[in-house]
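Report on one structure; see the data block that follows.
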Amino acid sequence: MQWRDIRTLPGVIKPVMSGDEPAHVPDEIIAAIRSRERNGFVELPKKRLQPGDRVQIISGLLAGRHGRYAGASRKHIKVLLQLLGAERQVRLSPDANAQSYGGRLEGGYRFATPFVGIAPYAALQAQSFHTPNFSETGTLADGFALGFGARDATDTRSELGARFDHAWVVSPDAVLVFRGRLAWAHDWVSDPSLTPLFLSLPTASFTVTGAIPPHDSALTSLGAELRFANHISLLAKFDGQFGSNSQTYAGTGTIRYTW
């Protein structure tokens with residue numbers, strides 16, 4: 001057998017090469033790989049964080065900072081960070097239970113025309129966000145842990161627009177339905193800011209402001225549904241929201257079976 005024929009064997013992705021020729025793999029490496037084989041699969045060694053490993057904080061107020069892993073418990077992760085010219089240990093404890101509630105009320109009426117169905121509609125939507133008071137836990141004597149007071153914010157939206165639809169019988173056992181929407185939306189957003197304070201310096205605080213959506217937006221939708229007589233439907237839909245300095249796009253595809 002030529003070595004190039006190895007690639008045709010079941011389970012072979014590609015041979016280990018050294019330039020244009022197969023590489024010579026020492027016997028001890030082959031033996032080490034075989035020792036990890038379990039039921040035809042090779043188990044790779046699991047990488048666990050060890051004290052001193054470099055880590056990066058990816059969320060929270062310290063997001064983006066690099067430090068050294070210093071251990072962990074069930075509720076905290078200890079990281080050594082360079083703060084105020086010295087390496088200090090902080091304990092990160094993401095422990096907050098935020099709540100969000102929302103509702104929508106919509107009404108409209110569909111008018112049938114020889115060419116397309118038109119359904120003018122109006123809608124009112126409200127959403128409330130609540131974050132309880134919580135605080136970080138730190139081991140620094142001079143204190144870099146932050147405290148946050150309870151906060152409530154709301155987003156109330158009104159919509160005014162119309163939906164359109166048209167159906168074609170494409171075959172004796174299939175119907176194609178096109179749907180669209182064009183609407184205007186207005187958002188009333190309450191103050192989305194938070195004011196954290198340093199626990200050891202209650203008078204020292206700063207303000208963090210969340211992103212505010214545009215007050216006025218254009219809403220568009222375009223979709224199609226192919227219905228078959230065997231109760232199977234294929235759907236595709238595109239949604240867009242366009243406002244000042246903000247654009248949102250979304251697409252969905254669905255296979256549906258009803259009985």
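List of remarks:
- Qualifying residues in region 31-88 (those that are at pLDDT 75 or above and acidic (Asp, Glu)) - the one farthest from Phe148 (Cα to Cα): Glu37
- Scanning region 21-36 for residues that are open to solvent by less than 100 Å² (accessible area, probe 1.4 Å) and part of a helix (DSSP H, G or I) turns up Ile29, Ile30, Ala31, Ala32, Ile33, Ser35.
- Residue in region 159-172 that is surrounded by fewer than 15 Cβ atoms within 10 Å (Cβ to Cβ) and part of a loop (DSSP other than H, G, I, E, B) present: yes
- Selection count where residues are over 24 Å from Phe238 (Cα atoms) and over 24 Å from the mean Cα position of the chain (by Cα), scope region 153-189: 4
- Within region 210-228, being modelled with pLDDT under 90 and open to solvent by less than 70 Å² (accessible area, probe 1.4 Å) holds for Gly210, Pro213, Pro214.
- Among the residues of region 168-183, not one is closer than 30 Å to Pro214 by Cβ and modelled with pLDDT under 90.
- Across region 184-199, the number of residues qualifying as of a type outside the set (A, V, I, L, M), open to solvent by less than 80 Å² (accessible area, probe 1.4 Å) and either at pLDDT 85 or above or in a strand (DSSP E or B) (or both) comes to 4.
The values are calculated or read from the model by the stated rules, or taken from the named source; none is laboratory data. The shown structure was predicted, so the numbers you read here are calculated from the model rather than taken from an experiment. FYI the Cβ positions are ideal-geometry reconstructions off the backbone, even for glycines, and counts take in every protein chain you see. Surface accessibility is based on the protein's heavy atoms, side chains included, excluding ligands, DNA and RNA. Shrake-Rupley method; radii C 1.70, N 1.55, O 1.52, S 1.80 Å.
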